[in-house]
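Here's the structure we're looking at; comments come further down.
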Amino acid sequence: MDSFPHPEDNDPNEDVYNQWHVEVTMGIDELRAMYGVFDYAYQTWPGAPRRPLEEQEYLRYMKNRLFAMILEYNLDHQ
């Protein structure tokens, strides 16, 4: 992947957002597992220049998005 887009930072009409997309339905256990994968990848990120700096930013962004979904689930299912 050459770039790591952030949807709220970009115009939705840009080419990267007009490309193929997918929607996924999963349970909370799968979501928590996915969060764990992103958290581990973020915590063990080897650093630049070994990996692109944008990758670390994207891992943090995705980790935060997944955490927000987990929090929403927790609030809705107390």
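Here, each number is a calculation from the coordinates, and none is a lab measurement. These numbers were taken from a predicted model, which means no experiment stands behind them. In this analysis, Cβ positions are derived from the backbone assuming ideal geometry, glycine residues included, and neighbour counts consider all displayed protein chains.
Karplus-derived 3J(HN,Hα) values for the stretch 46-55, using 6.51 cos²θ - 1.76 cosθ + 1.60 with θ = phi - 60°, are x, x, 7, x, 4, 10, x, 4, 4, 5 Hz; glycine and proline are entered as x.
Out of every Cα-Cα pair that the stretch 27-78 contains, those further apart than 19 angstrom amount to 33 percent.
When you count the other C-beta atoms within 10 angstrom of each residue and take the mean per peptide, 52-62, 34-44 line up highest first as 52-62, 34-44.
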